[in-house]
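For reference, the structure is listed below as C-alpha cells.
The values are calculated or read from the model by the stated rules, or taken from the named source; none is laboratory data. From a predicted model like this one, the values you see are computed outputs, not experimental measurements. Glycine gets a Cβ as well: all are built from the backbone with ideal geometry, and neighbour counts include every protein chain shown.
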Amino acid sequence: MDLKLTNKKALVSGSTAGIGLEIARKLAHEGADVVLTGRDPAKLNAAVADIGTAPGTKVAGVLADVTTTEGAAKVITQHAQVDILVNNLGIYESKPFAEITDDDWLHYFDINVMSGVRLSRHYFPRMLEKKSGRVIFVSSETGLAVDPAMIHYAMTKTAQLSIARGMAGLTRGTAVTVNSVMPGPTRSEGIVEFLKSVASKSDATAQEAEAEFFAGARSGSLLQRMIEAEEIANLVAYLASPISAATNGAAIRVEGGLINSLA
C-alpha cells in the first residue's frame, strides 16, 4: 500500500531508540523526510546513520532536549515547518503511590506532556493555516486503564489523550488530523530493566521477568507477548498518511487486548 508520504516532512521526538526510532525508520522507508531529536550525540548520530541507509531517504538530527523551552525552540528554529509531528518522547517507571513526590509528578508532566505541547503549539497552527497536516501523540494503554503501580505515568498518558482530542476539535473544515495511539508493553530500550524492577526476584533473567510480567501484571493480554516497536510504527505511519483522512480525534489501541482486562 502506498501511504503517499513522499515529500512529506516528519518530526519525531525522542527518536534515537525504541518506538520513536522505529516510527522514524518506518516514515523514512515510506518516503518521508524525517527529523529526529535526542539528547545523546552518539545515539542521535547512530540513529540518523542507521535510518539514512534506506534508499532515497533524507534524515536529519537535532541535538536538543525538547522537555525544555530552549530545546524545543532549537528544534523549531532549525525546522520551522513540518507536515507530520509525532510526539513520542516519554519516560516511565513503577513506583508506589505514597512514594511519588511533588517533584516526581511535575517531572513526569513536564517530560511526557509539555514536550508535546511545546512542539504542537508551534507546528499545529501552521498546519491549520495550510489546512493540511498530522499530529500524533504516542500515549499508552494506561491512559485509559490506569496501572496502580505507575499512577504518575498514567496521569500523563491520560493528559495526552485529552490534549489530542481537544486539538482535533480545532481542525474542523481542514485536512488536519490529531490522533493518539495507545501502545501496550513494547519491546524497546530500557524495558528489560523495567521488567526486572517489578519482578519478584532481583536476579531474574530477562526471560523470567517478562514471563512473570505477563503471568501477573498483564495476565489479561490477548497477545501474551511484548509488542514489537515496529508494530506501533506501522499504525503511526498509517495515521501520518493522507489516506487516513477520516480518522481524526481518535485514541487508537495497539496494546494487545489489555484495556478491557485492566479497566
- Note on the structure: Going through region 159-186 in order, the residues found to be surrounded by fewer than 17 Cβ atoms within 10 Å (Cβ to Cβ) and either more than 13 Å from GLY116 (Cβ to Cβ) or modelled with pLDDT under 95 (or both) are GLY169, LEU170, ARG172, GLY173, THR174, ALA175
- Would you check which residues across region 187-199 are exposed (fewer than 15 other Cβ atoms within 10 Å of the Cβ) and over 29 Å from GLU30 (Cβ atoms) and list them? GLU193, SER197
- Task: Could you pull out the residue among LYS58, LYS74, LYS130 that is over 19 Å from the mean Cα position of the chain (by Cα), at pLDDT below 95 and among the charged types (D, E, K, R)?
- Result: LYS58
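With respect to GLN160, is the statement that it is in a helix (DSSP H, G or I), within 13 Å of the chain's Cα centre (by Cα), within 22 Å of ILE19 (Cβ to Cβ) and among the polar types (S, T, N, Q) true? Full working, then the answer.
Values: in a helix (DSSP H, G or I): yes; within 13 Å of the chain's Cα centre (by Cα): yes; within 22 Å of ILE19 (Cβ to Cβ): yes; among the polar types (S, T, N, Q): yes.
Here the answer is yes, as GLN160 does meet what is asked.
Identify the residue in region 31-42 that is crowded, with 24+ Cβ neighbours inside 10 Å and not polar (S, T, N, Q) and, among all such residues, is farthest from the chain's Cα centre (by Cα). Lay out the reasoning, then the answer.
Just the residues of region 31-42 that are crowded, with 24+ Cβ neighbours inside 10 Å, to begin with: 32, 34-38.
Within this subset, residues satisfying the condition of being not polar (S, T, N, Q) are 32, 34-36, 38.
Values: ALA32: 18, VAL34: 15, VAL35: 14, LEU36: 13, GLY38: 14 Å.
This residue is ALA32.
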- Message: As an exercise: evaluate TRP105 against (1) surrounded by 14 or more Cβ atoms within 10 Å (Cβ to Cβ); (2) closer than 27 Å to LEU44 by Cβ; (3) touching a residue at least 40 places away in the same chain (Cβ under 8 Å) and give the number of the one condition it does not meet.
- Response: (2)
- Identify, by number, the condition in (1) of a type outside the set (Phe, Trp, Tyr); (2) under 30 Å from LYS4 (Cα atoms); (3) assigned to a helix (DSSP H, G or I); (4) touching a residue at least 60 places away in the same chain (Cβ under 8 Å) that VAL178 doesn't meet. (3)
- Task: Exactly one condition in (1) surrounded by fewer than 21 Cβ atoms within 10 Å (Cβ to Cβ); (2) of a type in the set (Val, Ile, Thr); (3) part of a helix (DSSP H, G or I) is not met by THR6; state its number.
- Result: (3)
- Query: Which one is surrounded by the most Cβ atoms within 10 Å (Cβ to Cβ) among residues in region 113-158 that are of a type in the set (S, T, N, Q) and closer than 17 Å to THR37 by Cα?
  - Reply: SER115
- Counting just the residues of region 90-119 that are part of a helix (DSSP H, G or I) and under 14 Å from the mean Cα position of the chain (by Cα), which one comes out farthest from TYR153 (Cα to Cα)? LEU119
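What's the total number of residues in region 32-50 that are under 20 Å from ALA237 (Cα atoms) and at pLDDT 95 or above?
Taking region 32-50 first, the residues under 20 Å from ALA237 (Cα atoms) are 32-37, 47-48, 50.
Subset that is at pLDDT 95 or above: 32-37, 47-48.
Residues that pass the stated criteria total 8.
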- region 181-199, residues that are part of a helix (DSSP H, G or I) and small (Gly, Ala, Ser): SER197
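For region 133-149, give me each residue that is under 18 Å from the mean Cα position of the chain (by Cα), outside any helix (DSSP H, G or I) and small (Gly, Ala, Ser).
Filtering region 133-149 for residues under 18 Å from the mean Cα position of the chain (by Cα) gives 133-146.
Imposing the further condition that a residue be outside any helix (DSSP H, G or I) reduces the set to 133-140, 144-146.
Residues satisfying the conditions are GLY133, SER139, SER140, ALA145.
Considering only region 200-235, how many residues are of a type in the set (A, V, I, L, M), free of Cβ contacts under 8 Å to residues at least 60 places away in the same chain and either in a helix (DSSP H, G or I) or surrounded by fewer than 14 Cβ atoms within 10 Å (Cβ to Cβ) (or both)? Walk me through it before giving the result.
Step one: filter region 200-235 for residues of a type in the set (A, V, I, L, M), giving 204, 206, 209, 211, 215, 217, 222-223, 226-227, 229, 232-233, 235.
Narrowing the set further to residues that are free of Cβ contacts under 8 Å to residues at least 60 places away in the same chain leaves 204, 206, 209, 211, 215, 222-223, 226-227, 235.
Then keep just the ones that are either in a helix (DSSP H, G or I) or surrounded by fewer than 14 Cβ atoms within 10 Å (Cβ to Cβ) (or both); that gives 206, 209, 211, 215, 222, 235.
Of the residues in region 200-235, 6 are of a type in the set (A, V, I, L, M), free of Cβ contacts under 8 Å to residues at least 60 places away in the same chain and either in a helix (DSSP H, G or I) or surrounded by fewer than 14 Cβ atoms within 10 Å (Cβ to Cβ) (or both).
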- Count of region 24-72 residues which are among the polar types (S, T, N, Q) and either in a strand (DSSP E or B) or under 16 Å from ASN87 (Cβ atoms) (or both): 4
- Item | Unique residue being in contact with a Leu (Cβ under 8 Å, 6 or more places away or on another chain), surrounded by 21 or more Cβ atoms within 10 Å (Cβ to Cβ) and closer than 25 Å to LEU235 by Cβ when the list is LEU89, LEU85 | LEU85
